[in-house]
Amino acid sequence: MKIAKALSLLGFAVAGITLAGCKAGGDNQGLEYAPQMYHSVAYEPLTQIKDESQGDWLSNREDEKGEFFNSNVYNPHGMNMREPVEGTVPRNKGGYLPYRYKAFEVEAAAANLTNPVELTDEVLEDGERLFLQYCSACHGKGGQGDGKVGEIIGGVANLTGGAYINLPEGHIYHVITKGKGRMGAHGSQISPERRWKIVHYVKQVIQKQ
Ligand code: HEC
């Protein structure tokens, strides 16, 4: 009888702790199992616990602060990660600046942009591969607007003739990036460097300029 009573008390205690542990929300993470696994001593860029006493029941830190304390006192507001300096511009992979021209600003792009990628045989090879991959379905292998998809959607520009021959590099780059009319934007699929390689290929090989 005594054992049964003890067991039921134990059962209540376990249930109570479990239920208390479920009560999490907002800044309260509930009861943590093995809390030292969750609370980093190293600075965490995405969390900040400024209360020095938090977790002191568990702490064996050398700086005698609570185990959960995670705040860099040398930064403003104790932030763990500093904010970038005002006016900081993010660089894309490869050091490219973000593309700022809006879709309708094709003329400005044509007038101001120059191809930053040096023209080499290797670049033309890459350009060919990329053109076949991303453009030929509509524009055709030779750029004459006769790709299989092009046949169906119709109205695909023939890049080898007419006014298209004289398109400045910046214009082509802009159209690849933002799209034009019935051609969708490819900026999110193709990195800036690859777009410029395609531009070289279009100018040098397809348009023989
Ligand atoms: C889904 C089909 C499709 C794909 C893929 C496509 N294009 Fe186009 N492209 C078009 C169509 C349609 C037009 C005509 C757009 C219009 O004027 O309405 C066009 C027009 C153009 C023009 C002329 C823009 C102008 O100012 O009139 C260029 C340059 C061009 N495409 C280059 C490319 C390059 C380079 C690629 C590959 C990165 C590519 N296109 C991929 C369908 C496509």
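Things worth noting here:
- Residue within the stretch 125-132 that is over 16 Å from Lys203 (Cβ atoms), surrounded by 17 or more Cβ atoms within 10 Å (Cβ to Cβ) and more than 10 Å from the ligand (Cβ to nearest atom) present: no
Residue by residue, here is whether (1) among the hydrophobic types (A, V, I, L, M, F, W, C); (2) assigned by TED's automatic domain parsing to the domain that holds Ser191; (3) modelled with pLDDT under 85 holds:
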{"position": "Lys5", "(1), (2), (3)": "no, no, no"}
{"position": "Lys23", "(1), (2), (3)": "no, no, yes"}
{"position": "Asp27", "(1), (2), (3)": "no, no, yes"}
{"position": "Tyr43", "(1), (2), (3)": "no, no, no"}
{"position": "Gln54", "(1), (2), (3)": "no, no, no"}
{"position": "Asn60", "(1), (2), (3)": "no, no, no"}
{"position": "Asn70", "(1), (2), (3)": "no, no, no"}
{"position": "Met81", "(1), (2), (3)": "yes, no, no"}
{"position": "Pro98", "(1), (2), (3)": "no, no, no"}
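- Residue list for the stretch 182-199, filter: in contact (Cβ under 8 Å) with a residue 12 or more places away in the chain and surrounded by fewer than 22 Cβ atoms within 10 Å (Cβ to Cβ): Arg182, Met183, Ala185, His186, Gly187, Gln189, Ile190, Ser191, Pro192, Glu193, Arg194
- Within the stretch 195-204, being over 16 Å from Ala110 (Cα atoms) and more than 9 Å from the ligand (Cβ to nearest atom) holds for Lys197, Gln204.
- Restricted to the stretch 179-195, and to residues there that are among the charged types (D, E, K, R) and more than 18 Å from Thr114 (Cβ to Cβ), the residue that is modelled with the lowest pLDDT is Arg182.
- Note on the stretch 156-178: residues that are under 18 Å from Ala103 (Cβ atoms) and within 8 Å of the ligand (Cβ to nearest atom) total 6.
The values are calculated or read from the model by the stated rules, or taken from the named source; none is laboratory data. Quick caveat, the model's predicted, so the values are computed rather than measured. No Cβ is skipped: glycine too gets one built from the backbone with ideal geometry, and neighbour counts run over all protein chains shown.
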